[in-house]
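Take a look at the structure below.
The values are calculated or read from the model by the stated rules, or taken from the named source; none is laboratory data. Fair warning: this is a prediction, and the values are worked out from it, not measured in the lab. Cβ placement follows ideal geometry from the backbone for every residue including glycine, while neighbour counts extend to all protein chains displayed.
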Amino acid sequence: MNHPQQAIDQSPGEVGSSSQRPIHGGNLVWAAQLAGCSPAALLDFSASINPLGPPASAIAALQARIPELVAYPDPSYTDLRTAIAQFHQISPDWILPGNGAAELITWACRDLAALDTVVLPTPAFSDYTRALQAFQAIVVTHPLANFAASEPSIQWSMPVQTTPGNTGLLLNNPHNPTGHLLTQADLLPYLEQFALVVVDEAFMDFLPPAEQQSGVEWVEKFPNLVVVRSLTKFYSLPGLRLGYAIAHPDRLHRWQQWRDPWSVNTLAAAVGEVVLQDTAFQQQTWAWLAQTRPALRQSLAAIPGLQPFPSAANFLLVKADYAVPRLQTQLLQQQQILLRDCLSFAELGDRYFRIAIRTPADNQRLVDCLTVLLTQAVK
């Protein structure tokens, strides 16, 4: 009998090298070429997007505002900022919409790079490194756990501040790719210690309000805090690109001077004005995730050689006894299923993958295919 790792590792025919692989999930063009099918035929578990959307309110807003494409957007985004402000119970002056959360992370990293050092908990979303390097930031990484261990666990601890009073901190909550949720009590000491704390809350809205651990309510008290939010993951609009930052108005005014005008297009702004008021879609999403996430984790844990982590987000990090790039290729070529390898997270390497939580039927298809594929590997 072959060791399962050997059975996967030694299978011939994998297409593409690690240098050709995308560093983000959701690259359906790359995956379709590997699978030999059209992008529309793929079942995508690589991008952590709400499978219930886009909501009807978003589609209606898009259709209603098409005639406005003949004019430039309001450069101040007054209506959009007002809608976001009402949702968070904060002044519109403290809000800056952006072309996805990624654009706002870039400007946050420009501010961080002006400090002596930036502490970055790892593993970390690759765009953080991209943006910090773009502005020549001096980065000090802070590993969250020993992921090479046979049974790794997430252990958050206070990063060491090497330069008192002039060090920044960039983190996300819930954490990507582990799904770990920092509490507000965890966050508070950081605000008192670091010169600038940037919290990417791209997945926070997947938690019901009573369970969220957001830093938004502290922004007015701590001018050294920036919170970045995404509207495209929860509302299933990644192709539209829309996010926003909540921070001190002086900081946001400076960012506005740095960036191109009209960063948010008319249709994206229109959608942002309505989706935060769509309480029915929000309730539907929270109910779906609360039921579906534990069921998927339990099913994956029952497959030999897979260890799924607990998660507060709409994705699961899974440790495998198998070479994930080969497993990814086999799923694509045999089943047209795309999962997210973790090669772009240097601390994880080729023994981890991350999967989005989709509908129960989609999840069951993935579990069935993994069960068959990995059972064959151990025979």
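Restricting Leu289, Leu331, Leu306, Leu296 to those that are crowded, with 16+ Cβ neighbours inside 10 Å, outside the structural domain of Ile154 (by TED's automatic domain parsing) and within 17 Å of the chain's Cα centre (by Cα) reduces the list to Leu289.
Contact list please: Cβ distance under 7 Å, first residue in the stretch 345-361 and farther than 17 Å from Glu151 by Cα, second residue of a type in the set (Phe, Trp, Tyr) and assigned to a loop (DSSP other than H, G, I, E, B), pairs at least six apart or on different chains. These pairs meet every condition: Ile355/Phe45; Ala356/Phe45; Arg358/Phe45. State which residue is nearest to Glu68 (Cα to Cα) when the search covers only the stretch 269-286 and only residues that are surrounded by fewer than 21 Cβ atoms within 10 Å (Cβ to Cβ) and either in contact with a strand residue (DSSP E or B) (Cβ under 9 Å, 6 or more places away or on another chain) or of a type in the set (D, E, K, R) (or both). Checked the stretch 269-286; the qualifying residue nearest to Glu68 (Cα to Cα) is Glu273. Just need a number here: residues in the stretch 193-213 that are touching a residue at least 40 places away in the same chain (Cβ under 8 Å), under 21 Å from Thr106 (Cα atoms) and in contact with a helix residue (DSSP H, G or I) (Cβ under 7 Å, 6 or more places away or on another chain). Qualifying residue count, the stretch 193-213: 4. Does Pro360 satisfy the criteria of being touching a helix residue (DSSP H, G or I) at 6+ places or on another chain (Cβ under 8 Å), over 23 Å from Pro39 (Cα atoms) and not hydroxyl-bearing (Ser, Thr, Tyr)? For Pro360, the condition - touching a helix residue (DSSP H, G or I) at 6+ places or on another chain (Cβ under 8 Å), over 23 Å from Pro39 (Cα atoms) and not hydroxyl-bearing (Ser, Thr, Tyr) - is not met.
Taking the residues in the stretch 340-354 that are touching a Ser or Thr at 6+ places or on another chain (Cβ under 6 Å) and of a type outside the set (Ser, Thr, Tyr) as candidates, determine which candidate is farthest from Leu296 (Cα to Cα).
Keep residues of the stretch 340-354 that are touching a Ser or Thr at 6+ places or on another chain (Cβ under 6 Å), which gives 340, 343-344, 347.
Next, only the ones that are of a type outside the set (Ser, Thr, Tyr) stay: 340, 343, 347.
Values: Arg340: 16, Leu343: 23, Glu347: 25 Å.
That would be Glu347.
From the list Pro4, Pro97, Pro73, the lone residue that is modelled with pLDDT under 95 and over 30 Å from Gln291 (Cβ atoms) is Pro4. Only a single criterion out of (1) assigned to a helix (DSSP H, G or I); (2) among the hydroxyl-bearing types (Ser, Thr, Tyr); (3) within 30 Å of Leu96 (Cα to Cα) is not satisfied by Ser299, namely (3).
Kindly establish whether Pro54 is in contact with a helix residue (DSSP H, G or I) (Cβ under 9 Å, 6 or more places away or on another chain), outside any helix (DSSP H, G or I), over 24 Å from Pro223 (Cβ atoms) and not basic (Lys, Arg). Criteria met by Pro54.
Selection of first residues in the stretch 297-323 that are on the phi > 0 side of the Ramachandran plot and of second residues that are part of a helix (DSSP H, G or I) and crowded, with 18+ Cβ neighbours inside 10 Å, restricted to Cβ pairs under 9 Å at least 6 apart or on distinct chains, gives the following pairs, ordered by first then second residue: Gly305/Pro4; Gly305/Leu374; Gly305/Ala377. When Val318, Val324, Val367 are checked against the criterion of being touching a Leu at 6+ places or on another chain (Cβ under 9 Å) and closer than 20 Å to Gly36 by Cα, Val324 stands alone in meeting it.
Only one entry in Ile66, Ile84, Ile90, Ile59 is of a type in the set (A, V, I, L, M), closer than 25 Å to Glu220 by Cβ, at pLDDT 95 or above and surrounded by fewer than 18 Cβ atoms within 10 Å (Cβ to Cβ), namely Ile90. Of all residues in the stretch 14-56, those being on the phi > 0 side of the Ramachandran plot and modelled with pLDDT of 90 or more number 0.
Would you check which residues across the stretch 76-93 are under 17 Å from Leu242 (Cα atoms), touching a helix residue (DSSP H, G or I) at 6+ places or on another chain (Cβ under 7 Å), of a type outside the set (Val, Ile, Thr) and part of a helix (DSSP H, G or I) and list them? Scanning the stretch 76-93 gives Asp79, Leu80, Arg81, Ala83, Ala85, His88, Pro92.
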